[in-house]
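Presented below is the structure to which this report refers.
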Amino acid sequence: MTETRPAGWLSKALQRLTADDQSIDAQELRAEAVNAGCEPVSSCRKGEVVTVTGRLKSVVYTPRETVPTLEAELFDGSGSVTLVWLGRRRIPGIEPGRTVTARGRFAAFDGRRVIYNPWYELGAG
């Protein structure tokens with residue numbers, strides 16, 4: 001019979017040394033989301049009002065014939081959600097690398113996870 005023990009500081013340190021930068025970054029983002037009391041993007045369901053937090057990977061202004069949109073991809077370590085502001089060309093502080101907490105109704109559109117016109121709060125970044 002083999003005995004398994006909870007991971008100690010040495011095994012955690014070895015894991016961090018052998019992990020790639022993206023894995024470590026994703027772990028840290030997931031931990032920050034949990035500490036902030038936010039839902040992981042991967043567990044959000046369509047129609048729920050959710051609060052998510054993470055880092056903006058990209059920000060794109062999309063001119064459209066009807067309504068211009070500003071789209072920002074938020075990554076929290078478990079997955080990504082696109083934050084979409086309708087009728088906006090730019091929002092000060094919404095830029096790649098910035099930490100953002102967003103709240104709104106979770107939706108799915110064309111296979112993408114989306115929150116339209118979310119309430120948001122800028123973090124450090």
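The values are calculated or read from the model by the stated rules, or taken from the named source; none is laboratory data. Quantities reported herein were computed from a predicted structural model and do not represent experimental measurements. Reconstructed Cβ throughout: ideal geometry from the backbone, glycine too, with neighbour counts over all protein chains shown. For accessibility, only protein heavy atoms count, side chains too; no ligands or nucleic acids. Shrake-Rupley method; radii C 1.70, N 1.55, O 1.52, S 1.80 Å.
Data for the structure
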| read-out | value |
| --- | --- |
| Global form of region 42-125, assessed from the alpha-carbon gyration tensor, a/c cut-off 1.5 | oblate |
| Rounded accessible area of SER42 (nearest 10 Å², 1.4 Å probe) | 50 Å² |
| Where GLU32, GLU71 fall by accessible area, highest first, once all protein chains stay in place (1.4 Å) | GLU32, GLU71 |
| In nm, spacing of pseudo-spin labels at VAL67 and GLU95 (7 Å Cα→C-beta vector) | 2.7 nm |
| Modelled label reach - GLU121, point 7 Å along Cα→Cβ, region 43-62 residues with backbone N closer than 18 Å | 49-56 |
